[in-house]
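Okay, structure first, notes after.
Please treat every number below as a calculation from the coordinates, not as lab data. The structure displayed is predicted, hence computed values, not measured ones. For neighbour counting, all protein chains shown are included, and Cβ atoms are generated from backbone atoms with ideal geometry for every residue, glycine included.
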Amino acid sequence: MTAGATPGNKAPPTGVLERALLVLSCFTEAHPRLHLRELAAHSGLDKATLLRMLGTFAAHGFVRRGEDGRYAPGPAALRLAALYGATNDFPARMMPVLKAVMERTEESAAFYERDGDDRVCVCRVNAPRALRHQVEMGERLPLSAGGAAAHVLLAHTGGETPRAEEVRAQGYLSTAGQRDPGLASVALPVFDEEGRFIGALVVSGPISRQTGEGFERARAIAAELLREQGFSTGTGR
């Protein structure tokens, strides 16, 4: 979730655990330190509730409060990150692919998995440009909002999408201005060594820079790099 609003400007959840996770998700690379008033605005929770949660987080090392009064993630998050890295080698295999895709296309590249009605950014590499599409690891986007990656995920996980036949027929999908009027992207399915669908790789950037030829080039580059890491796009292309 990007800082600035709760997903879809919905009311905050009522469950204690969901609220706690919502608060932690307010911290992003763009906003790593937040005042209490900012956390209240971003989460939709009142300050009294936030103070109780932040006190518990701080006691267990998940947040810390700086001298300027702003809150930031605490060292306990590092332990979880280390455990994730030790038990899952997928990011170590996918990140070189995304980095190479970004370098060769000069656009941002990301890998998404489906989680319920959302897509979650598992890995990403942002383009080194002032004008770019930027997402963050762990960011959640509703599948209903569309975008090339959403259609690919839905088409390969039994979800409903009007683009399913197109996705399966050509092995990738490009969209422009669907989720965001200024954004265009191309996504392709990713399968593991045993042929199981695991997610979607997407290359995205400002719509002003995208062309049909550029989409096909990005798809071909991504497919080649995925094969080098032992993945498949399921098309033989």
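General observations
- Using C-alpha pairs below 8 Å separated by at least 6 residues, the relative contact order for the chain is 14 percent.
- Neighbour net charge for residue 25 - beta-carbon separation under 13 angstrom, K R +1, D E -1: -3
- Of 78, 206, 101, farthest towards positive along the dipole that unit charges on Lys, Arg, Asp, Glu beta carbons give the chain: 78
- Derived value for the range 88-228: Kirkwood hydrodynamic radius 14.7 Å. Basis is the mean of 1/r over every pair of different alpha-carbon atoms.
- Under the convention that each Lys and Arg Cβ holds +1 and each Asp and Glu Cβ holds -1, the size of the dipole of the chain around its Cα centre is about 580 debye.
- Distance in nm between pseudo-label sites at residue 51 and residue 11 (7 Å out along the Cβ direction from Cα): 2.4 nm
- Summed over all non-identical Cα pairs, the Kirkwood treatment of the range 7-80 gives a radius of 12.4 Å.
- 222 nm mean residue ellipticity, helices alone, for the chain (DSSP H n ≥ 4; -39,500 (n - 2.57); rounded to 500): -11500 deg cm²/dmol
- The residues packed around residue 212, meaning those with a beta-carbon under 15 Å from its beta-carbon, carry a net charge of -1 if Lys and Arg are +1 and Asp and Glu are -1.
- Contact order relative to length of the range 7-80, as percent, for alpha carbon pairs under 8 angstrom and 6 or more apart: 27 percent
- Cα-centre dipole for the range 7-80 with unit charges at Cβ (Lys and Arg positive, Asp and Glu negative), debye to 20: 120 debye
- For the range 135-201, a simple Cβ point-charge model (Lys and Arg +1, Asp and Glu -1, everything else neutral) yields a dipole of about 160 debye relative to the Cα centre.
- Sequence-distant residues sharing a close amide H with residue 205 (under 5 Å, placed H): 184
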